[in-house]
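So the structure is just underneath, and the comments pick up after that.
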Amino acid sequence: MPASRLRDWLLLGPGLLWLALFLVIPCAIVFCFSFFERGVYGGIDYIFTFENFQRAIDPLYLSIFLKSAKIAGTATLVALFLAYPAAYAISKAPPNRQTALLVLAMLPFWSNYLIRTYAWIVLLNREGLINTGLRDLGWIAEPLPLLYNEFAIITGLVYNYLPFVILAVYSSISRLNPEILEASEDLGAPSWKTFLRVTLPLTMPGVAAGSVFIFVLSIGNFITPDLLGGGNLLMVGNIIYDQFLTARDWPFGATLSFILIGIMMALLFTQAILVRRAQGDAPEKEEANA
Amino acid sequence: MSTLKRFAAACLVGTAAIAVSVTTAQAEEKIVISNWDGYMPADMLEKFTAETGIVAEMAVHATNEEIMGKVVAGKGKGYDVLFVSSPFVEALNHLGLVAELDHSKIPNMANLYPQAMELEYDPGLKVSVPYAWGTTGLCYREDLVSPAPTSWMDLLEPKADLKGKITMLSTDRWLMAAAFLAQGKSVNSTDEADLEAAKDLLIAAKKNLLSYDDTTFYSKLVSGEASMVHAWDGWCNYGIGENAAIKYVIPKEGSDLWVDTMVVTAASENKDAAFKFLDFVLKAENGAWVPANILYKVPNKAAMEALDPALVTQFPNLGITPDELLSQEQLRDLGAGQKAFSKTVTEILASN
Amino acid sequence: MSDQDRTVIRIEGVSKRFGPVTAVDSIDLDLRENEFFALLGPSGCGKTTLLRMIAGFADPSEGRILLDGQDMTPIRPNRRPINLMFQSYALFPHMTVAKNIAYGLEMENLDKADLNRRVDEILEKTELSAMRNRKPDRLSGGQRQRVALARALVKKPRVLLLDEPLGALDKKLREQMQLELKRMQHEFSITFVIVTHDQEEALVMADRIAVLKDGRVAQIGAPRDLYENPADRFVAGFIGKMNFFPGTVAGTGVSFAGQSVLTGDIPTGLSGEAVAAVRPERIKLSVEQPAGDMNAMPGTISEVAYHGQDVNLHVTVDGCDDPVLVRVPATDADETVWHHGGKVWCSWNPAHTRILAA
Amino acid sequence: MREFKRFDPTRLWLAAHLRLVYVFLYVPIGVLMVLSFNKAGLPTVWSGFSFEWYGKLAENAAILSAARNTIVVAVISTILATLIGSLLAIGMEYRRRGAGLEAILFAPMIIPDIVLAIALLSFFTLLEVTLGLHSIILSHVVFNIAFVCAVVRTRLRSFDWSVFEASIDLGATEITTFRRIILPAILPGVIAGAMLSFTLSVDEFIIAYFTAGAGQSSTTLPMQIYSMIRFGVTPEINAMASIVMLVSFTLVIAAQRINKESVTG
């Protein structure tokens, strides 16, 4: 079928070409670094070695990975609890208002990461707006420890990635057929059951996409743990960044990165399979049968 | 959807207008300088062009680490002059990424203090020219800390009322230097026992920190969030400028000497122009801008002598003499010891 | 209609393979001008694949399809004067009824007035005028079906293909739409090719039916032909109800259960194992053994089902695992005898026996 | 559903929740707007009201040109990524193939920025590509494709592909079908993807830094702002962000107004 092959190439070709050229090849180059040694002054000595992998299996790095995963996972859950009802509410708004609402959710992020983070420091610090506000109201005597801890990191991560989750969930909810929901209510399900048994499973692709966004972006983040976490907590993003830039140990940085990428890929595949199974795979296009 | 269509159209029109107005580079003699934003006078490049006819363009970097990464990966192509801190000069030199300086083309090097020619990371200044220098010590609120701190141990094992009101630098070399100095070790040590001892001390110290902070520590002092911070002297001055109760002290165990330098890249196609730029920066009046505006000491004798004494009164650490500076140990590249060193740092930062 | 028998589409030795699976196996078929043709078969018989090849959405692995004598293989589906009504209707969800219908005409670059006139006309004919500004999600199933039909018909195709067009409708609506489709076909004088697995639907609507099995044509013919003269056991069983009596060819018929011989016309060349087949409505019931040269056998009534105008009875007979199905008009039913457990004789005229290969 | 306007606690709760989420999103923006009037240059301490930073911003050619570069990079890379990513999403969902491709598409999201940054710079250096705004755009498209593709694919799940064939069957070419049938159906997803892409690109620092050419002409705003860390991120940046917010806000509200008028009028 030459015509449909042409169509496939038109659709997939540009993307594949772009990714091959600017993702696969460059990353393959960096991947190769992980089998060489760090030069004495940084850079790479082209001596083949497995040393980097031996260094990487140190429990130190595993514990950092687990802690980062815990923080990123918490941020993901919190973001979903905030984003899902928000996306749902947007999808119920009059159609001509929905786009505006979505754009408004994205707008704060056209400022700059660093100054937004500074704004959070102003809000959360011991002498900050929230603490002084609460103190002036007489609700607290001692300032609450809002900054330089896990809470602050999670707040920062949720804040910075929330709009992405809203967007992903919205694009799933908005094409939900309202008749299906009515059908469920009609079959006697109370609205919370309709939500759990019908709405949620049908919008799983959006929830999954949103969760992937925030989880992977969070685990690789290094500025938020630095500024809002006060450097008290180290995330995977920090150690990779430090290996490449501070220690100038590219081979080891590459090794840690590709181990991280491997783990994340495995997790994502598992997640993708679970979602697909939970949804009941959409039937394959019927071609051979009638 | 039409809300968005109109919005997108507006954006597109705006972009087109902007894209048209972006001018392309010209072919005349040109050098590119990478520096931190605000680390030299805003009109410096214009003046340089006016004087020499050489077009100078500014690139910016956020940290030493970033410009190092970029220069190592890109072989320094596109850059002529880089501003980097002293430990990195050594590495750049060993990696063959910087050009040897032709002192005959930089006559204003005569403006430097003689002590500046003896810096260990580049004796005789073969590849680098110092731009600013200083120490690392304790920056604190006189009104909140008494008695005044005198030792690194006042930072690392603070009194009860300072617990949770202290920050430390988290950049690896300075973080470790605090412990090394407190324990009487070299700031360049990669000895296993030294690393282990420093690690234990720093992990214990971490429990008493408000946070690590490399960027906003002085504003924490101003707001009163912190009472004492681990700081570079010049940077402490920003706090002093806002609140006179803020003081800077070099602990009795000593400090490190850091030097921000200028180097010419090996990849530069305009080395003579780059030398001219270095020479221009070394002019007394240009050097004098630094302490007067960003409150950093410079190794430029002529510039320092011209400094307004009132500034030294307000910001005493501007008065630290070159001899005092040279008595501090200098940070060097760690070479093969870097692996063990950075693992130790990771362990400290990852500890609970 | 004078050119009733002229061939519109000729299918010549067409096969379609998907990897190791042969979905359509060298089919030859002629579709004629203005006829209502049904492709009938169980699921997996290849009928939809055949339909998609006519529409151009699949290319034959072998053979060719001719339209008015011209090979269509190189012609893309959007250039074929053939339209398809999709099983899911495939209405464009973001367009109103009128826009959906106008879409195909816009592709022909008709001038605006002409286009509007034709859309109005078809809306009128399909009684959709009141719905013209609605979007598909605000229509009932039957209305959607009519929009899909109107959208295809407005292009005045040479052939309209319908893929299980009534599958999604309820029984009552389905029966109504069957007649509606027939009416449309007459009114527009277009060849309709319908794909269905419902034999009753095919019998009601089609002028001719092709029964497909495992990618091959089992039999082609008018509904009555297929019903009265099924070519093989599969067709006999697939179209309408049929009672089968397995046995072997012996003398003038099939020896059944090792004893009686069920007489009938033996097809030339048939010997050995065979079945005698008879329609339920051809069987008569009696208390006494009937006289004459009828085919007859005794049995016990195991089930009685009242259907309004008919009564269906299951009669268990020796030598047959399945009960014999007998259908008699309700007016003829003798309720005193024909009840559960009643002993009866089943009999029929040998002329109504079809003897088929086992 | 609309016919019954009864008391609906779920609806009330949803509306309240949405407002709270917007408050959460805009509070820090409010803070940075207030800080743009901060007299002192400290990033986090209030020390008096002043308009001076807006004046300084107007004179700061470096920040203004960086802002311009950022918009150029974000808009062009968004257009490219939206186009390529949407096509890719359609191709993948239509054909339902490619676990390998799926892995490649996850990659730009998972790969730490610094790795991609160094990889791309090493690659460009190897090929002796001259760096500049164009190399930032090329690089931003890489990760933007992945995000656009993910959002559009979400939209395409359980899409009824028979409408595609229906359109072809009615005489449309594949291009027309794409424009008139597929695109409108997935438009909300495409718009969402484009917004995501633009937002990511506007704020991206590391990859931009490493793939930028040397010099002011390819310095983006995040690069400019991060480079100010050492000598103080002055309220000029807050002033800049405040203006960006106000302008975009006004555009959205205006578009909404015009839209409403064109609907009712």
Report summary line: Note: among D:ARG179, D:ARG230, just one is under 30 Å from B:THR215 (Cα atoms) and among the charged types (D, E, K, R), namely D:ARG230
Requested in this report: Might you check whether a residue that is at pLDDT 80 or above, loosely packed, with under 14 Cβ neighbours inside 10 Å and hydrophobic (A, V, I, L, M, F, W, C) occurs anywhere in region C:307-329?
Outcome: no
Query raised in the report: In region A:146-176, which residues are without any contact (Cβ under 8 Å) to a residue 12 or more places away in the chain and in a helix (DSSP H, G or I)?
Result: A:PHE151
Query raised in the report: Would you pick out the residues in region D:182-241 that are of a type outside the set (D, E, K, R), under 24 Å from D:SER36 (Cβ atoms) and over 21 Å from the mean Cα position of the chain (by Cα)?
Result: D:GLN216, D:SER227, D:MET228, D:ILE229, D:PHE231, D:GLY232, D:VAL233, D:THR234, D:PRO235
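Within region B:83-96, which residues are outside any helix (DSSP H, G or I) and in contact with a helix residue (DSSP H, G or I) (Cβ under 6 Å, 6 or more places away or on another chain)? Give the derivation first.
Residues of region B:83-96 that are outside any helix (DSSP H, G or I), as a first pass: B:83-85, B:95-96.
Scanning region B:83-96 gives B:VAL84, B:SER85.
In contact with a Ser or Thr (Cβ under 6 Å, 6 or more places away or on another chain) and either at pLDDT below 85 or more than 14 Å from chain C (Cβ to nearest Cβ) (or both): is that true of D:ILE118 in this structure?
Working: in contact with a Ser or Thr (Cβ under 6 Å, 6 or more places away or on another chain): no; either at pLDDT below 85 or more than 14 Å from chain C (Cβ to nearest Cβ) (or both): yes.
For D:ILE118, the condition - in contact with a Ser or Thr (Cβ under 6 Å, 6 or more places away or on another chain) and either at pLDDT below 85 or more than 14 Å from chain C (Cβ to nearest Cβ) (or both) - is not met.
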Report task. Quick one: which residue in A:LEU82, A:LEU77, A:LEU23 is more than 10 Å from every other protein chain (Cβ to nearest Cβ) and at pLDDT 90 or above? Result -> A:LEU77
Query raised in the report: Which members of region C:193-205 meet the condition of being among the aliphatic types (A, V, I, L, M) and touching a Ser or Thr at 6+ places or on another chain (Cβ under 9 Å)?
Result: C:VAL195, C:ALA202, C:MET205
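Run down C:LEU91, C:LEU110 and say which single residue is within 21 Å of D:LEU187 (Cβ to Cβ) and part of a loop (DSSP other than H, G, I, E, B).
On the way: C:LEU110 fails: within 21 Å of D:LEU187 (Cβ to Cβ).
None of the others qualify; the one that does is C:LEU91.
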Query raised in the report: Which is touching a Ser or Thr at 6+ places or on another chain (Cβ under 8 Å) and of a type in the set (Val, Ile, Thr), of C:THR268, C:THR248, C:THR331?
Result: C:THR248
Query raised in the report: Would region B:185-204 turn up any residue that is closer than 30 Å to B:ALA244 by Cβ and crowded, with 20+ Cβ neighbours inside 10 Å?
Result: no
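Please return the ranges of helices (runs of 4 or more DSSP H) entirely within region D:146-265 where 3 or more residues are surrounded by fewer than 24 Cβ atoms within 10 Å (Cβ to Cβ). Working first, answer last.
Details: elements: D:162-169, D:174-177, D:183-203, D:206-211, D:221-227, D:235-264.
Hits in region D:146-265: D:162-169, D:174-177, D:183-203, D:235-264.
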Report summary line: The residue that is surrounded by the most Cβ atoms within 10 Å (Cβ to Cβ), considering only those in region A:89-107 that are without any contact (Cβ under 8 Å) to a residue 60 or more places away in the chain, under 17 Å from D:PHE249 (Cβ atoms) and not charged (D, E, K, R), is A:THR99
Query raised in the report: Among the residues of region B:230-258, which ones are over 15 Å from the mean Cα position of the chain (by Cα), within 12 Å of another protein chain (Cβ to nearest Cβ) and surrounded by 23 or more Cβ atoms within 10 Å (Cβ to Cβ)?
Result: B:GLY239
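Listed here are the residues, each with its yes/no results for (1) assigned to a loop (DSSP other than H, G, I, E, B); (2) over 24 Å from B:MET109 (Cα atoms); (3) in the same structural domain as B:LEU318 (by TED's automatic domain parsing); (4) aliphatic (A, V, I, L, M).
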{"residue": "B:SER219", "(1), (2), (3), (4)": "no, yes, no, no"}
{"residue": "B:GLU225", "(1), (2), (3), (4)": "yes, yes, no, no"}
{"residue": "B:GLY239", "(1), (2), (3), (4)": "no, yes, no, no"}
{"residue": "B:ALA244", "(1), (2), (3), (4)": "yes, yes, no, yes"}
{"residue": "B:ALA274", "(1), (2), (3), (4)": "no, no, yes, yes"}
Requested in this report: Output the residue which, of all residues in region A:231-265 that are free of Cβ contacts under 8 Å to residues at least 40 places away in the same chain and of a type in the set (Phe, Trp, Tyr), is nearest to A:ARG38 (Cα to Cα).
Outcome: A:PHE244
Query raised in the report: Among (1) more than 18 Å from the chain's Cα centre (by Cα); (2) among the polar types (S, T, N, Q); (3) within 8 Å of another protein chain (Cβ to nearest Cβ), which single condition is D:ASN69 missing?
Result: (1)
Query raised in the report: Name the residues in region C:192-247 that are in contact with a strand residue (DSSP E or B) (Cβ under 8 Å, 6 or more places away or on another chain), assigned to a strand (DSSP E or B) and within 28 Å of C:VAL324 (Cβ to Cβ), would you?
Result: C:ILE209, C:VAL211, C:ALA218, C:GLN219, C:GLY221, C:ASN243, C:PHE244, C:PHE245, C:PRO246, C:GLY247
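Does region D:153-177 hold any residues that are of a type in the set (Val, Ile, Thr) and either more than 7 Å from every other protein chain (Cβ to nearest Cβ) or out of contact with any Gly (no Cβ under 7 Å at 6 or more places or on another chain) (or both), and which are they?
First pass over region D:153-177, keeping only residues of a type in the set (Val, Ile, Thr): D:154, D:163, D:168, D:173, D:175-177.
Of everything in region D:153-177, those that are of a type in the set (Val, Ile, Thr) and either more than 7 Å from every other protein chain (Cβ to nearest Cβ) or out of contact with any Gly (no Cβ under 7 Å at 6 or more places or on another chain) (or both) turn out to be D:VAL163, D:ILE168, D:THR173, D:ILE175, D:THR176, D:THR177.
For residues that are more than 9 Å from every other protein chain (Cβ to nearest Cβ) and touching a residue at least 24 places away in the same chain (Cβ under 8 Å), scanning just region C:86-99, find the one that is surrounded by the most Cβ atoms within 10 Å (Cβ to Cβ).
Taking region C:86-99 as the starting set, the residues that turn out to be more than 9 Å from every other protein chain (Cβ to nearest Cβ) are C:96-99.
Checking which are touching a residue at least 24 places away in the same chain (Cβ under 8 Å) leaves us with C:96-98.
On the way: C:THR96: 17, C:VAL97: 28, C:ALA98: 21.
If we take residues in region C:86-99 being more than 9 Å from every other protein chain (Cβ to nearest Cβ) and touching a residue at least 24 places away in the same chain (Cβ under 8 Å), then C:VAL97 is surrounded by the most Cβ atoms within 10 Å (Cβ to Cβ).
Give the residue, chosen from B:VAL89, B:VAL81, B:VAL129, that is under 23 Å from D:GLY215 (Cβ atoms), in contact (Cβ under 8 Å) with a residue 12 or more places away in the chain and either within 14 Å of chain D (Cβ to nearest Cβ) or more than 19 Å from the chain's Cα centre (by Cα) (or both).
Residue meeting the stated conditions: B:VAL81.
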Query raised in the report: Does at least one position in region C:74-82 carry a residue that is among the basic types (Lys, Arg) and assigned to a loop (DSSP other than H, G, I, E, B)?
Result: yes
Requested in this report: With the condition kept exactly as written, say whether any residue in region B:248-255 is modelled with pLDDT under 95, among the β-branched types (Val, Ile, Thr) and either in a strand (DSSP E or B) or in contact with a helix residue (DSSP H, G or I) (Cβ under 7 Å, 6 or more places away or on another chain) (or both).
Outcome: no
Report summary line: Of the residues in region B:208-229 that are among the small types (Gly, Ala, Ser) and within 11 Å of chain A (Cβ to nearest Cβ), the one that is nearest to the chain's Cα centre (by Cα) is B:SER219
Query raised in the report: So, of the residues in region A:230-241 that are in a helix (DSSP H, G or I) and at the interface with another protein chain (Cβ under 7 Å from one of its Cβ atoms), which turns out to be nearest to A:THR117 (Cα to Cα)?
Result: A:GLY237
Query raised in the report: Just one of C:LEU66, C:LEU29, C:LEU39, C:LEU51 is under 19 Å from C:LEU149 (Cβ atoms), hydrophobic (A, V, I, L, M, F, W, C) and part of a strand (DSSP E or B); which is it?
Result: C:LEU39
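On the given criteria, is A:ARG126 surrounded by 19 or more Cβ atoms within 10 Å (Cβ to Cβ), of a type outside the set (A, V, I, L, M, F, W, C), facing another protein chain (nearest Cβ under 7 Å) and part of a loop (DSSP other than H, G, I, E, B)? Break it down into steps so the answer makes sense when it comes.
Details: surrounded by 19 or more Cβ atoms within 10 Å (Cβ to Cβ): yes; of a type outside the set (A, V, I, L, M, F, W, C): yes; facing another protein chain (nearest Cβ under 7 Å): yes; part of a loop (DSSP other than H, G, I, E, B): yes.
When the stated conditions are applied, A:ARG126 passes them.
The values are calculated or read from the model by the stated rules, or taken from the named source; none is laboratory data. Predicted model, so just to flag it, every value in this text is computed and none were measured. Glycine also receives a Cβ, built like all others from the backbone with ideal geometry; neighbour counts cover every protein chain displayed.
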